[in-house]
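Here's the structure, in structure tokens; my notes come after.
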Amino acid sequence: MMMMMQSEHLIQTSWPIQPYFDSNSDYYENEYHETFSSINSTPENSMISSGLYGCVEYPLLGYDQMQNPSPVYSESQNINSLDDVCRWLCDDDDDQELEEIQSTVTVADPMEEISDVSEPECQTGLQNLLQAYADSMAMGQMELAKVIVRCISEKINPVGQILERISFNLFVENQEEYLKQESMRNFKKAFRVFYDIFPYGRFAHFTANSTILEAVPTHMESVHIVDFDLGEGTQWPQVIEAIAQMNKSLIITSIKLDQDQDSQFHQTRWHLCKYARTFGLNLKVQEIEMEQLMNTITERKSQKEFTVFNCMVGLPHMGKTRKTNQVTNFLKLAKLVLTENKGIISFGDGEEGERMGNHSNFPSFFNKNLTHYKALYESIEQGFPSYLKEARIAMETLFLAPFVSSKTWFQKWEEQRENTSCLNNNIVGLKGIKMSKENWNEARELVKEGESSYGIRIEGENGNEMVLEWSGVSLVKVCAWM
């Protein structure tokens, strides 16, 4: 009973969730089946319904719904699903795994009793060391930085307080890999819970989709979406259904960023096209290199086609970061295309502190990132009861650790000093699209503003930026221009 009550509590952090379905699709019997990793084989999302576009509701669905669309919402089914996950999280086997992790890494004993007085002092000392590290790096004193890192290593703990866990991910790379391997064993369950409970990805997708659909002119016959990172395609079911309702045609072009992403693209294309057919939409999904994009757009140039450039980067559920030059090149190209074509740029960023402005020095940049990830870790920690520590560790390792690296932060700051990584430098001259009041209200409902530390605010010169925050700290920012 206690477990069921806890599951209900977790569900309350998101909008109504469509029950999950196991895929029995014959797609997995074809030649591509063997090439798919466990990460890509079962993408999951949740159901979000919105009345923004008249009386029609556009759900934000994942592949489970694409494969087995069902109009019936069964809360009890979803509770049972989360209950099963909670049982996994509390298995005795996971306690053994946690002990293995603790014995493998060289950190302070996480079970050691710490008094209420010593704990804040310990955190303050670690904070001061982190600040000293940033200062030494800014002054080019690498040997001093190495000494400080050794001091930090004596205070970090992968299962300790938030700052200890962040510091562990910042500086301990080899031991972090062990944690990742252990967490990957339950990736599907972790991803399912992570996306449904926490609003980061759903907020970004819903806000961008709403803005896109509101911007499509009624006289346009076709919509062409150029997606920077298509991934599993979890953003687009809502748009597919809406475009079908509008009686327009739809093309989705995926930018090929990695040479080894072909198998994932084939899977994503198959799912999206199958889902589109349920609404009578003949969807075309294609993949091209970024260098080929301009020629493709030019060849398709039409007065009746609306072009959407969509870029989602650094969202926690993505569990990966992209090279800064890839993002900036995409935005530059999008801006160039929109000077001659009717369209929109939608941009969702989970690392907005790194791209939204110039920092005069590395300590400023470092502290901005540190504040951002402390808030993100805190929001996750408060989403779980203490007895589900293993789940939190797994999710932090899978979805946050890839973004927390001292080397990566320093490299990104150096790029920013060259004025190449600041987002604002790549969209000068475009007009920001004001976020609608309806969109804002829907986002506030999504995060249950007022009932938690999550909040939604509007920013930008003309209100074209919507921000998901935690206790006043920005977590995810979505903006749009045309």
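Results, tabulated for the structure shown:
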{"read-out": "G348 being assigned to a loop (DSSP other than H, G, I, E, B) and closer than 28 Å to F198 by Cα", "value": "no"}
{"read-out": "Neighbours by Cβ (under 6 Å, 6+ apart or cross-chain): first from segment 300-320, closer than 20 Å to G350 by Cα; second polar (S, T, N, Q) and part of a loop (DSSP other than H, G, I, E, B)", "value": "G314/T321"}
{"read-out": "Residues that are in contact with a strand residue (DSSP E or B) (Cβ under 7 Å, 6 or more places away or on another chain) and among the hydroxyl-bearing types (S, T, Y), drawn from segment 202-245", "value": "T207, T211, S222"}
{"read-out": "Residue list for segment 311-338, restricted to those being modelled with pLDDT of 85 or more and among the hydroxyl-bearing types (S, T, Y)", "value": "T328"}
{"read-out": "Test set (1) buried (at least 17 other Cβ atoms within 10 Å of the Cβ); (2) in the same structural domain as F203 (by TED's automatic domain parsing) - E451 fails condition number", "value": "(1)"}
{"read-out": "Residue that is nearest to K335 (Cα to Cα), among those in segment 270-284 that are in contact with a strand residue (DSSP E or B) (Cβ under 7 Å, 6 or more places away or on another chain) and in contact (Cβ under 8 Å) with a residue 40 or more places away in the chain", "value": "L283"}
{"read-out": "Count of segment 419-438 residues which are modelled with pLDDT under 95 and buried (at least 18 other Cβ atoms within 10 Å of the Cβ)", "value": "7"}
{"read-out": "Leading residue by the ranking (surrounded by the fewest Cβ atoms within 10 Å (Cβ to Cβ)) among those in segment 283-303 that are closer than 22 Å to K248 by Cα and under 27 Å from the mean Cα position of the chain (by Cα)", "value": "Q286"}
{"read-out": "Odd one out for H266 among (1) within 23 Å of the chain's Cα centre (by Cα); (2) surrounded by 19 or more Cβ atoms within 10 Å (Cβ to Cβ)", "value": "(2)"}
{"read-out": "Check on K335, over 20 Å from the mean Cα position of the chain (by Cα) and touching a residue at least 12 places away in the same chain (Cβ under 8 Å)", "value": "yes"}
{"read-out": "Filter result for H317 (farther than 30 Å from W409 by Cα and assigned by TED's automatic domain parsing to the domain that holds F206)", "value": "no"}
{"read-out": "Among (1) in a helix (DSSP H, G or I); (2) closer than 28 Å to N209 by Cα; (3) not hydrophobic (A, V, I, L, M, F, W, C) - the single one T371 does not satisfy", "value": "(2)"}
{"read-out": "Strands (runs of 3 or more DSSP E) contained in segment 219-295 and holding at least 1 residues among the hydroxyl-bearing types (S, T, Y) and touching a Ser or Thr at 6+ places or on another chain (Cβ under 6 Å)", "value": "222-227, 249-255"}
{"read-out": "Meets criteria (loosely packed, with under 15 Cβ neighbours inside 10 Å, of a type in the set (K, R) and in contact (Cβ under 8 Å) with a residue 40 or more places away in the chain) for K323", "value": "no"}
{"read-out": "Evaluation of V223 against (1) at pLDDT 95 or above; (2) under 16 Å from E396 (Cβ atoms); (3) not hydroxyl-bearing (S, T, Y) (one fails), failing number", "value": "(2)"}
{"read-out": "Condition met for I212 (at pLDDT 75 or above, within 30 Å of S346 (Cα to Cα) and part of a helix (DSSP H, G or I))", "value": "yes"}
{"read-out": "Count of residues meeting criterion [of a type in the set (D, E) and part of a loop (DSSP other than H, G, I, E, B)] in segment 154-171", "value": "1"}
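The values are calculated or read from the model by the stated rules, or taken from the named source; none is laboratory data. Quantities reported herein were computed from a predicted structural model and do not represent experimental measurements. FYI the Cβ positions are ideal-geometry reconstructions off the backbone, even for glycines, and counts take in every protein chain you see.
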